1. Based only on other Cβ atoms within 10 Å, what is the fewest-to-most ordering of B:277, B:220?
2. Between residue A:216 and residue B:129, what is the label-to-label distance in nm when each label sits 7 Å out along the Cα-to-Cβ direction?
3. What is the Cα coordinate range of the stretch A:91-206 on the first, second and third principal axes, sorted by size from largest, in whole angstrom?
4. What FRET efficiency, computed as 1/(1 + (r/R0)^6) with R0 = 30 Å and r the Cβ-Cβ distance, is obtained for residue B:255 and residue B:198, rounded to the nearest 0.05?
5. Output the Cα-based Rg and Dmax of the stretch A:206-304 in Å, rounding Rg to one decimal and Dmax to a whole number.
6. Can you give the alpha-carbon Rg of the stretch A:70-301 over 2.2 N^0.38 Å, where N counts its residues?
7. At a threshold of 8 angstrom on Cα-Cα distance, excluding pairs fewer than six apart, so keeping six or more, what relative contact order does the stretch A:149-294 reach in percent?
8. Give the order of A:249, A:225, B:176, B:73 when sorted by the count of other beta carbons within 10 angstrom, beginning with the fewest.
């Protein structure tokens, strides 16, 4: 046996490990969800039919397969509840991502321009909120935003408002919560790209006649686009499916798709429709991912 | 496209039009005058009240070990650093406080600093667009520049798709495109391999001569500085040790430091004895008396260092026969060869003299089958003329 094959085996294992992980924790569960989305509700345990039972032989499986249908997806398209919550999710996610970008970019830029020894400290400060559970932080926001909460007290004390403002159960509260929670996910990839930026490029730009502002738009910003893309995706995708923040901070007027899913799954016990909604959500998120992939390829690939 | 020729007109016309000189520029006013310029970083004096004149059309090299302040000086010329004191006069106008994007100088950066997201064409056009040049004029100028640095057919490539040598050309074209009054080059060839570096040095010289531009290059490579520059400023600890032509720097260094920094040298400390026939007789510490030519500037100190370049030291088996009148004309030192280093074109010998001192001699291998090579342990005479000796005051 050659030395090569001895070493090759663990290396090969390491190479397929990520695929194994994806299969076990993504593809297999997704298969279940996809199957349930094609089933019908039933008052049973589990609450849907048909069930596959491999012990009953090939004929039974074939019969079960025949029972699967796209009815739930038809329902999603025909019922405005689902369409409007999809639209709202996308709208909220787009708006939040835009706000996150507007707030996150200057912060990341400032961090990248700090003296080297201060940068790890700034990074710590961005990450520190993660030491407290996400849920607890959202509850803290309820406290801050409520009628006699900290925000209203400050606004009253500064005479900015004359009467307490209703924050809680509004979209503003939801946006505050989302932007607060996702800001690190926007800042970190942006910071990583901006910190790598060769400062000599900015000097070259100014040497060639670009004012500091022009140099930013012509050099820094285009070169930070991969970070912008990564940060935007990292925020956009989970915000589309966000459940906790809108549920705790927004009003009950309109729902995001995550809330609709919850409602179908836990309140209505309609697993098949909930699964169909989840599958549809996944399909909805594929186009932005592909777009990002293409943009990144173009960045890397150059003119060819 | 009408203009296929890579020739571009000398920058004078443009520069004169764009730049508001005084009505009558003073005749012998240099293009660039650095006047008592100083820069400190914390407590470290990077550039120490340095003054230097550079004439239009010169290829000037700033040479020195790392940390000598040459790059800081260049960056002050480009505008990336602001001097703490002194003036930088370009065409008579103080530009010390002018931000880089408003200066009529351009820089070629050490690692090229090409914009990775822009094509070769857009990199070269970057400065022209900022200058508000018309679209057609930009296209013409870029085509000229591409031809000038022989990058035809590469216009659409991104920097990542270029070799090191090609990147270097793009950087050069980009910095030349605006026809700056002064082109600053920060270690422009450091990233190239030796062969390519040597051929690029020659191209750079040719380019500078053809364009009639003023180039200031910063380098730590003395051969490079000697090859390309008309004049070299040797820097150490933020000061100019000597400003001279490459030849003077090598054959007439002003200080022991410069003599040791440029090339290889044998140094003998000694006391000035007496003078005769325009010769100084210097007695070294090991008790050897050397006859040296009296330098142009009179020697005021009694303790001096005699410096002899190794290639001036010849070896022979016997001392060369000299006529009686010239007995004192030649220094003859006997010793034993202790080390032989064969370098191809040259052979470097170390000879331990009977006085105890060691002298190095390098001899050109002019014949292919050299019967005259010396061997370790062989007794030889090392000889050199008084004119080959340089007298340095400490």
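What follows is calculated from the coordinates using simple rules that are stated; it is not laboratory data. Since the model is a prediction, treat every value here as computed from it, not as a measurement. Cβ: placed from backbone, ideal geometry, glycine included. Neighbour counts: every protein chain shown.
1. By the 10 Å Cβ count, ascending, the order reads B:277, B:220.
2. Each label point is offset 7 Å from its Cα along the Cβ direction, giving 1.9 nm.
3. Sorted from largest, the Cα extents of the stretch A:91-206 read 54, 32, 32 Å.
4. Efficiency at R0 = 30 Å is approximately 0.55.
5. 20.2, 66
6. Expressed relative to 2.2 N^0.38 Å, the Cα Rg reads 1.20.
7. 25
8. A:225, A:249, B:176, B:73
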